[in-house]
Amino acid sequence: MSLIPAPCNTGLIFKRTDVPNGEIKANYKNVTETKLGTTLSNEFGVKISTIEHLMAAIWGCGIDNLIVEINAPEAPIMDGSSEPFVFMIECAGINIQEEVRLVVEILKKVRVEDGDKFIEVEPAKEFSLDLQIDFANHQVKKQNFAYHSVSTSFKVDICRARTFTFKHEIDYLQKLGLIKGGSLDNAVVVDENGVINKEGLRYNDEFVRHKTLDFIGDIYLAGYYIIGHFKGFKSGHGINNKFLHKLFEDPSNYRLV
Ligand SMILES: [Zn+2]
């Protein structure tokens, strides 16, 4: 994968270099699968999957214009967090471009529900997010995280939080012939007795911090930074995408400023 600078108003674009017609805009309308991660597809049926951790890093670094070249159908999982991508971007450096950044400002409350899950947003002066997760597994259980753009640092508080999975789910996926490259180097694995990874957790509440990371990555498929106060309960790639469709279907919900 290579991250390549792009001129103003390019937006974020993925380019599969291993197939013809490999260009896919990083936009919520191009999301076609949300089961194991967020997958984008273009009109030629070309796909790029598991983009959410890279998208979160791009959001966290404040990047608006970028070409992401990848020679495979999936973004590299790295250590299951956004940190390696943030590190790469910081090593390369960030160019301040000529044009003013356009952002989406929320004008009224928008809410989506899916069973007991929900996401809502209300007008606010900054981006903020209150997220709660609730898992049956007693090692994860209920966790809350409040992200406030003034006091929370994406780099310090969020980007190192790794994806997590449950031992029984891995056994099932491996039976299906999936996640052959998966190991304890790219996810936190939990069973009934706790975290299997020898190194333990990077944050006591790493699980909800990773869900915050996923949320940020998915929501950046709006194509713009969004200013508003979000609340989420049991968020996931599916409802994150549903939320963006609901937000943008009514032009009175927001304005570009
Ligand atoms: Zn994730």
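The values are calculated or read from the model by the stated rules, or taken from the named source; none is laboratory data. The structure displayed is predicted, hence computed values, not measured ones. Virtual Cβ from ideal backbone geometry, glycine too; neighbours counted across all protein chains shown. Surface areas here come from the heavy atoms of the whole protein model, side chains and all, with no ligands, DNA or RNA. Shrake-Rupley method; radii C 1.70, N 1.55, O 1.52, S 1.80 Å.
Side notes on the structure shown:
- Just one residue in the set 200, 194 is among the small types (Gly, Ala, Ser), open to solvent by less than 70 Å² (accessible area, probe 1.4 Å) and either free of Cβ contacts under 8 Å to residues at least 24 places away in the same chain or within 30 Å of residue 253 (Cβ to Cβ) (or both); that residue is 200.
- Residues in the stretch 43-93 that are open to solvent by 20 Å² or more (accessible area, probe 1.4 Å), within 16 Å of the ligand (Cβ to nearest atom) and touching a strand residue (DSSP E or B) at 6+ places or on another chain (Cβ under 6 Å): 49, 50, 74.
- Look at the stretch 146-171: where a residue is among the aliphatic types (A, V, I, L, M) and a partner is open to solvent by less than 70 Å² (accessible area, probe 1.4 Å) and away from the ligand (no atom under 16 Å from the Cβ), sitting 6+ places away or on another chain with Cβ atoms under 8 Å, you get 146/128; 146/130; 146/152; 158/152.
- Positions within the stretch 173-219 being farther than 30 Å from residue 120 by Cβ and either within 15 Å of the ligand (Cβ to nearest atom) or aliphatic (A, V, I, L, M) (or both), in sequence order: 173, 176, 178, 179, 182, 184, 186, 189, 195, 196
- Qualifying residue in the stretch 8-17 (condition: among the small types (Gly, Ala, Ser) and either within 12 Å of the chain's Cα centre (by Cα) or more than 22 Å from residue 224 (Cα to Cα) (or both)): no
- Residue identified as assigned to a strand (DSSP E or B), buried (at least 17 other Cβ atoms within 10 Å of the Cβ) and in contact with a Ser or Thr (Cβ under 6 Å, 6 or more places away or on another chain) among 131, 40: 131
- If you go through the stretch 142-165 and keep only what is assigned to a helix (DSSP H, G or I) and within 12 Å of the ligand (Cβ to nearest atom), you end up with just 158.
- Beta carbons closer than 6 Å, at least 6 apart along the sequence or on distinct chains, pair a first residue in the stretch 47-60 that is closer than 19 Å to residue 29 by Cβ with a second that is assigned to a strand (DSSP E or B) and more than 11 Å from the ligand (Cβ to nearest atom) for 47/39; 47/41; 48/14; 48/24; 48/40; 49/39; 49/74; 50/74.
- Selected residue (criterion: nearest to residue 205 (Cα to Cα)) from residues of the stretch 99-110 that are open to solvent by 70 Å² or more (accessible area, probe 1.4 Å), of a type outside the set (A, V, I, L, M, F, W, C) and touching a residue at least 40 places away in the same chain (Cβ under 8 Å): 108
- Scanning the stretch 180-203 for residues that are hydrophobic (A, V, I, L, M, F, W, C) and part of a loop (DSSP other than H, G, I, E, B) gives 184, 187, 196, 201.
- Selection of strands (runs of 3 or more DSSP E) fully inside the stretch 204-257 by the criterion of at least 3 residues being closer than 19 Å to residue 147 by Cα returns 225-227, 229-233.
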